[in-house]
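The next block holds one structure in the form of structure tokens; read it before the comments.
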Amino acid sequence: MPQAPSDTPLHSAYQLARERYGLLGVDTDRALDSLAGVALSLHCWQGDDVGGFENTGAALGGGLAATGNYPGKARTADELRADLDQAYRLIPGRHRLNLHALYAETGGRRVERNALRPEHFAAWRDWAKANGHGVDFNPSCFSHPLAADGFTLASADAGRRQFWIEHCLASRRIGAYFGRTLGTPCVTNLWIPDGYKDTPVDRAAPRQRLRDALDQVLAEKFDPAHHLDAVEPKLFGLGSEAYVVGSHEFYLGYAQARQILLCLDAGHFHPTETIADKISSVLLYLPAILLHVSRGVRWDSDHVVTYTDDLQAITQEVVRGGYLRRVHIGLDYFDASINRVAAWVIGARNTQRALLAALLEPAEPLRALEQAGDYTGRLALQEELKSLPFGAVWDLFCLKQGVPVGPAWLGEVRAYEKTVLAQRA
Ligand code: RNT
Ligand code: ZN
């Protein structure tokens with residue numbers, strides 16, 4: 001990339017911001033270095049509305065819903081990779097890919113999910129290797145005839161349960177392959193839709209079955225340098241409004257007992273409940289966690305991540321606690337009503353913006369006020385911080401990382417839409 005001159009208005013604005021933050025003891029250069037070290041895991045499924053490439057004609061299942069019909073969605077793995085390349089070009093820093101088992105490339109042959117193997121992901125691996133992306137992975141326990149009754153690992157049918165156990169185990173092996181061959185641990189995250197639309201009589205038996213199935217899935221051990229396991233709870237889903245087997249308490253207990261990662265999805269709790277407050281608690285008992293940064297609107301609607309108070313509260317907790325190394329940050333939303341590449345870019349840039357805001361907090365003065373019991377001063381400073389020249393620091397980050405500053409990225413997405421997406425009629 002061409003060397004940017006260092007005397008532009010953006011640089012002058014940054015210098016002023018740097019001095020202003022300096023007065024509060026905040027080192028903006030250091031914040032930029034820290035931010036550059038944070039890799040987000042970009043979710044492949046935003047690119048094609050959680051469709052995948054099995055071509056079975058199965059509708060999106062498991063209570064997941066991608067609404068909208070914006071033209072140009074990726075139809076093949078090559079198209080999806082091209083769209084991802086375009087998104088990564090507009091997101092500052094180097095980032096990971098979060099891949100679902102649905103996105104296997106089987107060369108047109110039907111391969112059952114319990115028979116998936118690393119070779120079906122070799123093209124993804126080669127692409128990730130060539131572009132410096134770490135990869136995270138997910139078994140796909142939905143959009144499948146054997147999940148059509150709403151149950152997978154917790155199914156009362158032993159045959160179905162076995163099928164999904166095998167799929168999850170196959171997925172962990174694929175995750176370990178990514179981690180081993182890319183030299184950065186893969187987080188394989190397990191989410192299942194299992195639950196009831198209406199009030200169950202027996203809430204216990206499905207949970208016992210799930211616990212036992214998970215133990216079988218996890219029986220094979222992998223080097224944590226290559227592979228980490230996460231489990232993702234949910235309060236309710238479309239079609240599982242009354243009862244979800246894998247609830248928060250279920251997986252919190254399970255993750256703690258087995259010392260694996262818990263995945264906190266911002267859309268998976270009561271509408272006013274935020275995951276920000278959970279981070280410092282669960283990290284007392286777990287080695288690490290995974291975040292699914294999302295935005296619920298009234299229900300777990302998986303809207304594109306915007307720069308909300310909720311998002312800021314999450315990144316503040318991660319930064320204030322010094323948890324950046326123990327918190328794996330993934331995005332999880334799917335919006336089919338807007339340009340899908342733009343959706344990735346908006347959510348990722350917002351998450352980074354919120355991380356930067358947290359990294360620019362004057363931690364010492366804020367803590368000192370709190371420890372002194374000066375809650376007036378704490379509130380006053382917290383509010384004053386909101387109008388500090390944060391944007392100038394963000395702009396310089398984009399400039400230094402060689403990505404468009406401000407809304408200029410949108411022009412590139414529009415050009416890509418015209419030359420590439422619009423041709424996919
Ligand atoms: C579903 C979970 C899960 C999925 C993806 C596709 O409610 O949030 O993470 O969104 O695995
Ligand atoms: Zn999720």
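Where helices (runs of 4 or more DSSP H) sit wholly within region 119-224, those with at least 1 residues that are of a type in the set (Phe, Trp, Tyr) and within 19 Å of the chain's Cα centre (by Cα) occupy 122-131, 158-182.
Considering region 260-278, and only residues there that are under 17 Å from ARG320 (Cα atoms) and in contact with a Leu (Cβ under 7 Å, 6 or more places away or on another chain), the residue that is nearest to ligand 2 (Cβ to nearest atom) turns out to be ILE275.
Yes/no per residue for (1) among the β-branched types (Val, Ile, Thr); (2) farther than 19 Å from ASP194 by Cα:
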| site | (1), (2) |
| --- | --- |
| GLY253 | no, no |
| ASP265 | no, no |
| PRO287 | no, yes |
| VAL297 | yes, yes |
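In this structure, is ARG295 crowded, with 19+ Cβ neighbours inside 10 Å and more than 26 Å from HIS227 (Cβ to Cβ)? In short, yes.
When ALA288 is tested against (1) farther than 25 Å from GLY237 by Cα; (2) surrounded by 15 or more Cβ atoms within 10 Å (Cβ to Cβ); (3) small (Gly, Ala, Ser); (4) more than 17 Å from the chain's Cα centre (by Cα), only condition (4) is not met.
Evaluation of LEU60 against the conditions (1) at pLDDT 95 or above; (2) within 16 Å of ligand 2 (Cβ to nearest atom) shows that the sole unmet condition is (1).
If you go through region 231-276 and keep only what is part of a strand (DSSP E or B) and of a type in the set (Asp, Glu), you end up with just ASP265.
From the list LEU102, LEU90, LEU116, LEU80, the one residue that fits, being under 30 Å from ASP33 (Cβ atoms) and modelled with pLDDT of 95 or more, is LEU90. Per the conditions (1) within 14 Å of ligand 2 (Cβ to nearest atom); (2) buried (at least 18 other Cβ atoms within 10 Å of the Cβ), the sole criterion not satisfied by SER301 is (2).
Being assigned to a helix (DSSP H, G or I) and among the charged types (D, E, K, R) is the filter; apply it to region 374-384 and report the residue that is nearest to GLU19 (Cα to Cα). Residue satisfying both the conditions and the ranking: GLU384.
Given ARG172, ARG180, which one is surrounded by 15 or more Cβ atoms within 10 Å (Cβ to Cβ), under 23 Å from GLY62 (Cα atoms), without any contact (Cβ under 8 Å) to a residue 60 or more places away in the chain and basic (Lys, Arg)? Reasoning before the result, please.
Numbers: ARG180 fails: under 23 Å from GLY62 (Cα atoms).
Just one listed residue meets the conditions, ARG172.
Looking across region 176-190, the residues that are under 16 Å from TYR103 (Cα atoms) and within 16 Å of ligand 2 (Cβ to nearest atom) come down to THR188, ASN189, LEU190.
The values are calculated or read from the model by the stated rules, or taken from the named source; none is laboratory data. Fair warning: this is a prediction, and the values are worked out from it, not measured in the lab. Cβ coordinates were reconstructed from backbone atoms using ideal geometry, including for glycine residues, and neighbour counts include every protein chain displayed.
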